[in-house]
Structure formats: structure tokens, C-alpha cells
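The values are calculated or read from the model by the stated rules, or taken from the named source; none is laboratory data. On a predicted model such as this, the values are computed, not experimentally measured, just so you know. Using ideal geometry, Cβ is built from the backbone for each residue, glycine included, and neighbour counts are taken over all protein chains shown.
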Amino acid sequence: MNEIDRYLVSKRYKAMREKDPDSIFLFKIWDFYETFYQNALTLHKVLDLSLTKIEWKNDSVPMTGFPCSLLHHNLDKLIRSGFRVVVIKKEKNKEKDIEEEGKT
């Protein structure tokens, strides 16, 4: 996935966050789960992940992520820390999204 695609996903994150500001949204992008903006800052602190950013036009979008193999470990840690998490996966058919269990 290139920077333009990640930037578009980050815009989708913002729309979802407006509807559910208390959840952490994890987007499956290839072999990683990634998140953006405030969720990226939260995961950076709670999971001790590296923080990076997407530069696009005049926008700088904080982002972080972790390998898919660490999903269950990191979900457990986030949930035990009191966060609600929504995992979003893309199927091969790019028209359809799946939201996996949101946990509290």
C-alpha cells in the first residue's frame, strides 16, 4: 500500500472516529494492523510502538502499527488497559469491509 492509499484510509479513520470517539480503530493493511491520529499516539504510549507519519500535501498524519501476528497479544493488552477496540479487515473484494468484534 502506498502513501496515497494510507492517507485515504486515515481519512476513513477520521469519519469512523467522529461516530465512535472512544474506540481504537485498527486497520489491517497487508501484514500489519495500523492506526492513525490520536489512536496512533495512544498505541505508541500503551504498546510502546514506534510512531511515524504520512506526509500528504499540507497534512501530516501520525500513524503506528504492528504485525498481524501480534494482534491477539496487543488486543489483550489494550482491553486490559480499558480500551474498546474495533478491528477492520479488507477482503480481496475491495468493495466490502468487515468489522470484527469490538471489545471492551
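Take the range 64-87 and flag every residue that is in contact with a helix residue (DSSP H, G or I) (Cβ under 9 Å, 6 or more places away or on another chain) and outside any helix (DSSP H, G or I).
If we filter the range 64-87 for residues that are in contact with a helix residue (DSSP H, G or I) (Cβ under 9 Å, 6 or more places away or on another chain), which is where we start, we get 64-66, 74, 77-78, 81, 83-87.
If the condition is that a residue be in contact with a helix residue (DSSP H, G or I) (Cβ under 9 Å, 6 or more places away or on another chain) and outside any helix (DSSP H, G or I), then THR64, GLY65, PHE66, SER81, PHE83, ARG84, VAL85, VAL86, VAL87 are the ones that fit.
Where the second residue is assigned to a helix (DSSP H, G or I) and surrounded by fewer than 18 Cβ atoms within 10 Å (Cβ to Cβ) and the first is modelled with pLDDT of 85 or more and lies in the range 1-17, which pairs have Cβ atoms under 9 Å and are six or more apart or on separate chains?
Partner pairs satisfying both residue conditions: TYR13/TYR37; LYS14/TYR37; ARG17/TYR37; ARG17/GLN38.
Condition (residue is in a strand (DSSP E or B), surrounded by 17 or more Cβ atoms within 10 Å (Cβ to Cβ), in contact with a Lys or Arg (Cβ under 6 Å, 6 or more places away or on another chain) and not β-branched (Val, Ile, Thr)) applied to the range 36-54: is it met by at least one residue?
Scanning the range 36-54, I find no residue that is in a strand (DSSP E or B), surrounded by 17 or more Cβ atoms within 10 Å (Cβ to Cβ), in contact with a Lys or Arg (Cβ under 6 Å, 6 or more places away or on another chain) and not β-branched (Val, Ile, Thr), so the answer is no.
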